[in-house]
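The values are calculated or read from the model by the stated rules, or taken from the named source; none is laboratory data. Note that the structure is a prediction, hence the values are computed from the model and not measured. With ligands, DNA and RNA removed, areas are computed over all heavy atoms of the protein, side chains included. Shrake-Rupley method; radii C 1.70, N 1.55, O 1.52, S 1.80 Å.
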Amino acid sequence: MTSPPIAPPSTVPPPVIEGMLRRRTTNGPFRPDPVSREHQHMLMRVAQAAPSHFNSQPWRFVLIESPQTIGRVAELSGQSMTELIDAGLFFERYRRYFRFSQAEMEAKRDGIHIDHLPGPLKPFTRQVFSDAGLKVMRQLGVPKKLGEDNRQLVAGSPLLLAALLDKTEYRPGELSGFYSVFGLGAAVENIWNAVGALGMGIQFVSTPAEIPHHWQEIKDLLAVPGDLELMALFRLGYLPADQSRPTIDWSSRHRKRLEQFVYRETCAVPEAENS
């Protein structure tokens, strides 16, 4: 049997690769339209196509459209955001990822560029996540405002997606635990790459997972059984023509250059960009 011919190199990436390179995270609101059942199932099928160890397919998903459930998750998300900001925990945990100028972003090419702030905070952008900045944020009511922004974003999402792992495969501390998380990551990445082709957006609903009792309430809301582990929660929906930005927002489109994360033959030889 002859092998199919190898396509010659091209500077124009195929559509599937172009879609991956254009992948986005949606920080703003979605349209209120329900996500069609056809599109929901299409996203589940692309998740199903992900690789997994011995084809174990350890992932499980919950599609959530109930306004009551979404509303409660939204309340928990907003409360979590307010608590994390007000206590300084959010900045303490993630400060190392913040960049405060385009020049800094160009040099590091990772993390997030804080480029959208409330007017009163703009004069001291770099200090905004310091202890002094946190005091000013509290005085201005920013933690509550950010919590309310977060609540509204989640509440206005027509679809939530919970990602879980089967505990017969997900055993932390064992190789199967790593393989399961790796497989779920691949499944979620397939979803993330597919939403753009459907005119949709997606965002990680992370704040409830930062506060154990809020995360437990979400598990209870979803009736998660003992043999499954809730790993992550996402909000999805169709994108509006004009996307507004949250009170505090950032851009994160920079990616490291090849020589910053790729090596040739050994870890001692960085890969040249144009080799």
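Of the residues Ile70, Ile112, ranked by 1.4 Å probe accessible area with the largest first, the sequence reads Ile112, Ile70. In sequence order, region 30-38 has phi-based couplings of 9, 5, x, 4, x, 6, 4, 4, 4 Hz under the Karplus curve 6.51 cos²θ - 1.76 cosθ + 1.60, θ = phi - 60°, and Gly or Pro positions carry x. Couplings for region 54-70, taken from phi via the Karplus curve 6.51 cos²θ - 1.76 cosθ + 1.60 with θ = phi - 60°, read 6, 6, 6, 6, x, 7, 9, 9, 10, 8, 10, 10, 4, x, 5, 5, 4 Hz in order; Gly and Pro are left as x.
Length gained on full extension, Arg72 to Gln260, computed as 0.36 nm times the residue gap minus the Cα-Cα distance: 63.4 nm.
Full extension of the chain between Arg93 and Glu65 gives 6.9 nm of extra length, using 0.36 nm per residue less the Cα-Cα distance.
Give me the number: length gained by fully extending Thr25 to Asn55, i.e. 0.36 nm times residue separation minus the C-alpha to C-alpha distance, one decimal in nm. Could the numbers behind the result be given before it?
Values: separation 30, 0.36 × 30 = 10.80 nm, distance 2.85 nm.
Length difference between fully extended and current span is 7.9 nm.
Ranking His254, His53 from most to least accessible surface, computed with a 1.4 Å probe over the protein chains only, gives His53, His254. With protein chains left intact and a 1.4 Å probe, residues in region 152-204 average 41 Å² of accessible area per residue. With N counted as the residues of region 137-205, its alpha-carbon radius of gyration over 2.2 N^0.38 Å works out to 1.56.
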